[in-house]
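Read the structure below first, then the notes.
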Amino acid sequence: PFSDHKELYKMIDATEVSDVRWNSFKLKYNGEQPANNIPPWMDEAYEYWFHNPLSLVENILANSELHGEFDYSPYWDFTTGNSKRRFENFMSGDWAWSQ
């Protein structure tokens, strides 16, 4: 559905998430460092931004525009004629089925 990763990121950035606020924290490597020639990433602090995933999913499920647009439960999908199993969406996979 997307021509490349830039189009996907653009769609993600344009998606409204209602009242779900941004959260952030910083990460910094705190393991052993070499005695010489320390890679710059070992001394840098990186800021990580995110939305609460539970709140996002609650908003998705509450969105009436998405009613009937995705599967809530796992399923097996077979082609007609030769009964060959078809894997197309997340909920048609073995992992979802085994949960």
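Which of (i) 48; (ii) 37; (iii) 55 is the computed percent of Cα pairs over 24 Å apart for the structure on display? Checking each listed value against the structure points to (iii). In the chain, the longest principal axis of the Cα atoms and the axis of helix 5-14 are about 90 degrees apart. When a 1.4 Å probe is rolled over the protein heavy atoms, the share of accessible surface on the chain that falls to carbon and sulfur comes to 55 percent. Only one residue of Asn89, Tyr72, Leu8 has its Cα farthest out toward the positive end of the dipole of the chain, where Lys and Arg carry +1 and Asp and Glu -1 on Cβ, and that residue is Asn89.
Given charges of +1 on the Cβ of Lys and Arg and -1 on the Cβ of Asp and Glu, with all other atoms neutral, how large is the dipole of the chain about its Cα centre, in debye to the nearest 20?
260
Could you please report the charge total around Asn30, scoring K, R as +1 and D, E as -1 over all other residues with beta-carbon less than 14 angstrom from its beta-carbon?
After counting each charged neighbour, the total is -1.
Per residue, the accessible area of the chain comes to 91 Å² when a 1.4 Å probe rolls over the protein heavy atoms. Here is the list for the range 26-99: GluC sites (Glu not before Pro) lying in DSSP coil, each with at most 16 other C-beta atoms within 10 angstrom of its C-beta, are Glu32, Glu44, Glu69, Glu88.
The values are calculated or read from the model by the stated rules, or taken from the named source; none is laboratory data. This is a predicted model, so every value here is computed, not measured. Here Cβ is always computed from backbone atoms with ideal geometry, including for glycine, and neighbour counts include all displayed protein chains. Only protein heavy atoms, including side chains, enter the accessible area calculation; ligands, DNA and RNA are left aside. Shrake-Rupley method; radii C 1.70, N 1.55, O 1.52, S 1.80 Å.
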